[in-house]
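J.: Starting off with a structure, shown below.
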C-alpha cells in the first residue's frame, strides 16, 4: 500500500466520519468512566489511611524506576513462572498508554499554541511502535489465558470457597469468573484496536501506512468494508475502553496503578529488619502488634491492594510446600478482607497459619509488588503473645531466654565450655582486639555447632586475626523471641548486649550464625549498637583472598545449602562459594581455584541444588520454628534434604548452626553415608 503525501504532511484525522454529537458524547462518557475509576481509588485511599501513619518520605521513588518500570522482580523470576508473559503485558500496556497519550497531546497541542507534530517521519515511527506495543500486549494476554487454562486443566482450579479460603493445591493462580473476564476484556481491547485501525485504512486510504503493519494486515483482510462498519467498530472499542476504566479498581490488573503508591512509600529498611514497636503508643493504647487490619501501617495496607494474586509467594513458601495450611497469598487476601470488614485478624487468618511461618522471607523476595508478608505475620504473633495466647513448645524458648539469657536454657558459664584447651582470648582480659567473635547460643551448646565454633577460632588464630569472645558475658541476641512475637524479651536482650558492646568498644563482629548476623546487623542499630557485622564465611573468604588461608580442598563433590538469613535476607551468596574455590560471577572457575589454593585445583566440584543462592529452600528452623513441633510428614528439612541429595554430591556443606540442626536427622534418615559439614570445618581441614 502506497503512503501518500497527505498523510505524512497532515497526520491522521480524529473522529473520522463521526457525527457532530460523537465528540461530546465520547469525552463525556470517557470522563465519566475515569471519574468512576477515581471514586473507587479514593475509597481505597480512605481504607489505607485507617492504618498507622507511615512516613511517606519518597525514599521508595527509586523503587518505582527499578521495580515498576524496570520490572526487576519479574525479570528475576523463572520463565516457567510466567515472567516473559508478565513483561509482555506490562510493557505492551505501557506502550499503548504512552501512544494514546501522545496522540491526545498532539491532537490538542494547537490549543496551547503548539503545532500538531503527529505527522511526517514521527508519524511513521509512531505507527510502527504503537502496533508493536499492541501486538506484544495481545501476545501476553493470550499467553496468560492459555497459561491459566493449563493450570486449571492440569492441577484443578484454585477457587475460593464460601469463606474466601483457597484450597491447598499445586495451582498457585486464584481462578474466579472475573479473572477470565478481565483477560477477555484486555484481549478484546487489543483486537478491536487493530480492527479499528485496519478499517480506517480501508475507508480512508489516504491514512494507510505500511508502518502500521498489524493494521495494514487487517486492512488487507477487510477490503470493501463500509464506513458504517468502521464507525460501529470505533464505538465498540470506545465502549471497551470505558468498561476498562470503570472496572479497573475491581480487577487484579489494578496492581499496575497501586504499585506506584506502594513503591513510592516503601520504607527504607532491609528485608531482615522487623519494625520495632512504639513503646509510647503501647502505653497509650495497650495494644501490641496487630489485632485488626488497621493496626498495620498505611503502607502495608496499600500493598494489600497491589496484590495481583499471582501466587509466587505461595509457590516458594516452605511451609506450604510441605502441606501446611500457611498460604502467603491467602494471608494477604484474608487481611485485605479483614480491612474491609473490620473484624479480628487471627480468627480469619487462623492461628495455625501464622505459627507455621519460618520467617524465611521467600515470599517477600518473590513478591513483585513489595508486600512484606513476614512483617504482618510477626505483628499478628506479637498480638497473640501479648494476649497470652501462645502455648506449647514455643513458650519454652521464651522462658529460657528470659530466665537464663540462653535460648537453650543453659547457664551463662556454659558458654565458655567449648574454649577449654584452645586459649581463646576474652574481652574481659582487657587486651585490645579487632573482631568480636560472637558465638551464639547454638555455637556454644549444640555439639555439631561447637565443632564449627572451634574451627572458626582456630582459623582466625592461624591467620593472625586479632579477636576476642565475650564468654559468659554473651547472651542470646533475642532473635527467636522477636520472631516468635515476644518483642519485650527481645528489647531486654538487645539492651543488655548493646551495653556490653559499648563497654568493650566493639566496632567489628564476626559470627557463624546467620540469625545472629541479621539481628546484630539490621536490628541492633535501634539500640545504639552500630557495628560492622560479618558472617564467618565473609571474613574467611577475605583471608583466603589475602593468601593468609587456603581454600577448602576436600575430596569428592559437594553441594552447598544456602541459609535463608544469609543468602536471601542479607544477600551473602558469593563468600561461601569462594571458600570452595568457586565464584558465581566468573565463567572460568579454574583460574580462581588456582589462585585461592596456591596452584592446587580442588578435586571437588561444587554441584548446585535446584534452589540455591537467594532462591534457597528453607530448612524450617527460622521464626522460632526450631523449638516447635512439626508433623512427621510436614518437615521442610526433609524436602530440602531430598533436593540436596538429588545433586549426587558426596558432601553437604552448610554455613548455619540452625540449618545443620534441622538437616542432620533428615539426612541420616535418607542416606547415612553423606557427610554434613560446615564450611569452616572444610577450611580447617585444608589449613591443618
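J.: What FRET efficiency do you get for residue 668 and residue 410 if R0 is 30 Å and r is their Cβ-Cβ distance, rounded to the nearest 0.05?
T.: Details: r = 25 Å, r/R0 = 0.83.
My answer for the efficiency is 0.75.
J.: Would you work out the relative contact order for the chain, in percent, from Cα pairs under 8 angstrom that are 6 or more residues apart?
T.: Worked out over the chain, it gives 12 percent.
J.: Next up: Largest first and in whole Å, what are the equivalent-ellipsoid semi-axes of the chain based on the Cα gyration tensor, each being the root of 5 times an eigenvalue?
T.: 56, 29, 23
J.: Quick one: angle between helix 22-48 and the longest Cα principal axis of the chain, in degrees between 0 and 90, rounded to 10, please.
T.: For helix 22-48, the angle is close to 20 degrees.
J.: While we're here: Can you tell me which of 642-648, 514-520 comes out highest on packing, and rank the rest after it, using the mean Cβ neighbours within 10 Å?
T.: Numbers: 642-648: 15.9, 514-520: 28.1.
Highest mean packing first, the order is 514-520, 642-648.
J.: Also, quick follow-up: Please find the FRET efficiency linking residue 629 to residue 69, where r is the Cβ-Cβ separation and R0 is fixed at 51 Å, and quote it to the nearest 0.05.
T.: Computed FRET efficiency for residue 629 and residue 69 comes out at 0.65.
J.: Using 0.36 nm per residue, how much length does the chain from residue 508 to residue 352 gain when fully extended, once their Cα-Cα distance is taken away?
T.: Values: separation 156, 0.36 × 156 = 56.16 nm, distance 3.97 nm.
Result for the pair: 52.2 nm of gain on full extension.
J.: If packing is taken as the average number of other Cβ atoms within 10 Å across a peptide's residues, how do 14-20, 29-35 rank, most packed first?
T.: Ranking, from highest mean packing down: 29-35, 14-20.
J.: In addition: Please work out how much length the chain gains when fully extended from residue 675 to residue 646, using 0.36 nm per residue of separation minus the C-alpha to C-alpha distance, in nm with one decimal.
T.: That works out to 9.0 nm of additional length.
J.: Relative to the longest principal axis of the chain, what angle (0 to 90°, nearest 10) does the C-alpha long axis of helix 373-386 take?
T.: Rounded to the nearest ten degrees, it is 50.
J.: Moving to a separate point now. 7 Å from Cα along Cα→Cβ at both residue 147 and residue 391: what's the point-to-point distance in nm?
T.: If labels sit at residue 147 and residue 391, their model points lie 4.4 nm apart.
J.: Still on this model: Points 7 angstrom from Cα along the Cβ direction at residue 548 and residue 269: gap in nanometres?
T.: 3.4 nm
J.: Any idea how far apart residue 448 and residue 210 come out in nm if each label point goes 7 Å out from Cα toward Cβ?
T.: Taking the two extended label points, one gets 7.0 nm.
J.: Averaging sequence separations of C-alpha pairs under 8 Å and six or more residues apart, then dividing by the length of the stretch 395-687, give the relative contact order as a whole percent. Mind showing how you got there, number by number?
T.: Working: 526 pairs, mean separation 55.6, N = 293.
Computed over the stretch 395-687, the figure is 19 percent.
J.: Would you mind checking the tilt of helix 83-108 against the longest principal axis of the Cα atoms of the chain, expressed as 0 to 90 degrees and rounded to 10?
T.: That helix lies at roughly 40 degrees to the long axis.
J.: Can I ask one more? Could you give the length gained on full extension between residue 217 and residue 100, defined as 0.36 nm per residue of separation minus the Cα-Cα distance, in nm? All intermediate terms of the calculation are to be shown ahead of the outcome.
T.: Numbers: separation 117, 0.36 × 117 = 42.12 nm, distance 2.09 nm.
Full-extension gain reported as 40.0 nm.
J.: For the pair residue 232 and residue 107, what calculated FRET efficiency results from E = 1/(1 + (r/R0)^6), where r is the Cβ-Cβ distance and R0 = 30 Å, to the nearest 0.05?
T.: In this case the efficiency is close to 0.85.
Just so you know, all these numbers are worked out from the coordinates, no wet-lab data involved. Source: prediction; values computed, not measured. Here the Cβ is made from the backbone with ideal geometry for all residues, glycine too, and neighbour counts use every protein chain on show.
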